[in-house]
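None of the figures in this text is laboratory data; all of them are computed from the coordinates on show. Please read these numbers as outputs of a predicted model, since none were measured by experiment. Cβ coordinates were reconstructed from backbone atoms using ideal geometry, including for glycine residues, and neighbour counts include every protein chain displayed.
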Amino acid sequence: MGGLGEIGKNMTVVAYKDSLLVVDAGLAFPDDEMLGVDVVIPDFTYLLERQEQVAGVLLTHGHEDHVGALPYLLRDLPVPVYGTRFTLGIVKAKLKEYKLELHQDSREIQPGRWFHLGPFRIFPVRVTHSVPDAVGYGIETPAGLVVFTGDYKFDQTPVDGKGPDYDGLVELGRRGVLAMCGDSTNAERPGFTPSEREVGHTITEVFRQAPGRVIMATFASNIHRLQQAIDAAHQFNRRVAVVGRSMEETVAVARELGYLQDRGVIVELQELMKLPPERSVILTTGSQGEPMSALSRMAAAEHRRVELLPGDTVLLAATPVPGNEKLVHRTIDRLFGQGATVIYGSHAGVHVSGHGSREELKLMLNLLRPRYVIPVHGEYRHLIHHAQLAESVGVPRERILIGENGSVFEFSGEEGRIGGRVHAGAVYVDGLGVGDVGNVVLRDRRHLSKDGIVVVVCALKKDTGEILSGPEVLTRGFVYVREAEELLEEVRELVISVVDACRERQVVEWPAIKNKVRDALQDMLYNRTHRRPLILPIILEI
C-alpha cells in the first residue's frame with residue numbers, strides 16, 4: 001500500500017482467505033511540487049472496503065514513516081494495534097493529539113515471544129535502528145512463513161546494550177522463510193553502517209571543547225543520540241533544556257517509560273537561562289531546516305525564548321533528508337550569520353544512518369535464507385540494488401519480486417509471483433482536510449505559483465448580454481499594477497470586444513462567454529508577456 005518506489009508512507013497488507021493483517025501505517029512528507037500539502041498518507045480504500053476482515057495493525061517501530069498515518073486510519077477503522085512498549089508510547093501520545101485512543105484489544109508485544117492474531121502466528125524479532133524497541137516480524141501463515149525485517153542495521157555496540165536478536169533471525173531461517181520483505185534504504189552504500197556510539201564520541205568532544213552554550217539539533221525520535229548528549233552534559237557539569245514541541249513530547253514519553261535516563265541534568269528552559277553559557281545545553285528540533293522549527297526560528301532571530309549568542313556552538317546531529325538540502329543549508333548560513341560556530345555534515349562525524357549498508361543486507365539474507373525476496377522501503381533504484389545483492393548471495397533472479405504500490409504478491413505452496421494490483425495511491429493532508437486536495441488542485445496551485453492569476457469581473461444584462469458594469473481586472477502574482485496600466489487597459493478592451501462579438505452572434509450561454517474570454521486573454525497575455533497566468537472570468541447576470 002506504500003513504501004515501494006518511495007521513501008516513507010510504509011504500509012503492507014498480509015492477506016489469507018478472509019483475514020487481513022496490516023504491517024505499519026506511515027506517512028511521507030510532501031515534495032516541492034505538492035504546494036501547501038502538510039503530509040501524504042496511503043489510500044486506505046482497500047482496507048475500508050474490507051473492514052470486517054482486518055485483524056489488526058503490527059508496528060515495527062515509532063518513526064513517522066511507519067506510524068504517522070495511524071490517526072487517519074484508526075479514525076475510520078478502529079482495529080487493534082500491536083507494537084513494542086516504546087512504539088505504543090509514541091503512538092498513544094500521537095493519538096491523544098487527535099482525540100483518539102487505542103482499541104481496547106491493542107497489545108504490547110514482547111520481542112522473542114510468539115503470539116496469535118487470526119489465522120496468523122507472529123514472532124517479533126528485535127533489530128537495531130535509530131529508535132528504541134524496533135522489531136521485525138516473522139508471520140507464519142498457512143501458506144508459509146513471511147518475514148518483514150522492518151528498518152534495521154546490525155549495530156554491534158548499541159547505546160542501550162540491546163543488540164539484534166541473531167538467534168531469533170536464525171530460528172526463522174531454520175523454519176524456512178517463504179518470502180522476505182527487506183529494508184532497501186541503504187542498498188547503494190558499501191560496507192557496514194557505523195554504530196550509533198561513533199556519534200557519541202563526536203558529541204563528547206564537542207561538549208568538551210565548546211567555550212559556551214551548546215545547541216544540538218537532531219531527530220526527536222533518536223533517543224539513543226539524546227541519551228549520549230545527556231551523558232556528555234552530565235560528564236562536563238552542564239544542564240540540559242529541551243526546546244521544540246515534538247522533542248519535548250518524545251523526551252517526556254521516553255523518560256516516563258524508562259528509555260531515557262535524565263542523569264539529573266534536565267531542567268526547564270527558564271532555569272537554564274540563569275546559568276553561565278559554558279554550563280548550558282539546549283536539545284532542539286530543526287535538524288532538517290523546517291521553517292517553523294525551533295532551530296530555524298533561532299537562526300532567523302525569531303524565537304521567543306532563545307536568542308543566539310556569540311560563542312554558541314550549534315551541533316547539527318543529522319544529515320539532510322533528500323529534498324531538504326536547501327532548507328538545511330539556509331539554516332546553517334543564518335546560524336553562521338548570528339555568530340555561532342556550526343558543526344555539521346558527514347565529515348564531522350555527527351550522524352550515522354539507522355539503516356544497514358550492503359554487507360548488512362547480505363548478512364540478513366544469509367541469516368534468513370528466504371525462498372523469495374521482495375525488496376521494500378526504498379526508491380526504485382534502492383529496490384534494484386537490493387535485488388542485485390540478493391542475487392549475489394544465491395537467490396535466483398526469478399525469485400526476486402520487484403513491485404510497486406498496489407502490487408499483489410501471491411504465494412501458493414512454494415510458488416510465488418506478482419499477480420495483479422489493488423487500488424493503492426496517495427492521499428494529501430492539507431490542514432484539516434484529508435483527501436480534498438487532489439491533482440487538479442495541486443495543478444492550479446503550481447500554475448498560480450508560477451505565473452499568478454488574472455480575475456476579470458463584469459456584469460451583463462440578462463436579456464441582451466449588454467455590459468452594464470466593468471470589466472474590472474484584478475491581478476495577483478502576475479504584474480505590478482502601477483507599472484502595467486496600459487496592459488490592463490488592453491485586457492479590458494479585449495474583454496469588451498469578445499462580449500460584444502458574442503452578443504452579435506447571439507451567444508448567451510454564460511459558460512460559453514467565459515470560455516471565449518479566457519481563450520482570448522490567454523493568447524493576448526502570452527503574446528505580450530510570455531506568461532500563462534490562471535485566468536478567472538466572472539460573469540454576473542443582472
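For the chain, the Kirkwood hydrodynamic radius from C-alpha pairs, put into Stokes-Einstein at 10 °C and a viscosity of 1.306 mPa s, yields a diffusion coefficient of 60 µm² per second. Amide H to amide H distances under 5 Å link Ile215 with Ile282, Thr313, Val314, Leu315, where only residues 5 or more positions off or on other chains count and H is placed in the peptide plane. FRET efficiency for Glu307 and Met524, Cβ-Cβ distance as r, R0 = 60 Å, nearest 0.05? Working from the Cβ atoms, E equals 0.70.
For the pair Tyr16 and Gln110, the difference between a 0.36 nm per residue extended length and the Cα-Cα distance amounts to 31.4 nm.
With contributions of -39500 (n - 2.57) from each DSSP H run of at least four residues, the per-residue ellipticity at 222 nm computed over the chain stands at -10000 deg cm²/dmol. Candidates Thr331, Gly289, Phe236 compared by Cα position along the dipole of the stretch 197-348: farthest toward the positive end lies Phe236, with charges placed on Cβ. Using a simple spin-label model with pseudo-atoms 7 Å out from Cα toward Cβ, Glu466 and Ala348 lie 7.4 nm apart. Largest first and in whole Å, the equivalent-ellipsoid semi-axes of the stretch 452-541 read 23, 13, 11, each the square root of five times a Cα gyration tensor eigenvalue. Which links in Lys461/Lys516; Lys450/Lys516; Lys99/Lys153; Lys94/Lys153; Lys9/Lys362; Lys92/Lys362 stretch past 29 Å when you go from one Cα to the other? Flagged as over cut-off: Lys99/Lys153; Lys92/Lys362. Segment Lys514..Glu171, full-extension length gain: 116.5 nm, with 0.36 nm per residue of separation and the alpha-carbon distance subtracted. As a calculated quantity, the FRET efficiency between Val422 and Asp38 at R0 = 25 Å, using C-beta atoms, amounts to about 0.45.
Which values of log₁₀ I(q)/I(0), to two decimal places, follow from the Debye formula for the stretch 293-365 at q = 0.14, 0.19, 0.24 Å⁻¹ with a uniform point scatterer at every Cα? Log10 I(q)/I(0), no solvent term: -0.53, -0.80, -1.12. Not counting the cut sites, what is the longest span of the chain without trypsin sites (Lys or Arg not before Pro) that DSSP labels loop and that have at most 11 other Cβ atoms within 10 Å? Between the exposed loop sites, the longest stretch runs 305-504. Computed over the alpha carbons of the stretch 1-152, Rg followed by Dmax gives 14.7, 46 Å. Give me the base-10 log of I(q)/I(0) for the stretch 197-348 at each q in 0.17 Å⁻¹, Debye formula, one uniform scatterer per Cα, rounded to two decimals. Scattering profile of the stretch 197-348, log10 relative to I(0): -0.92.
Full extension of the segment from Asn366 to Ala501, taken as 0.36 nm per residue of separation minus the current Cα-Cα distance, would add 40.9 nm. Considering only Cα atoms, the convex hull volume of the stretch 64-147 works out to 105 Å³ per residue.
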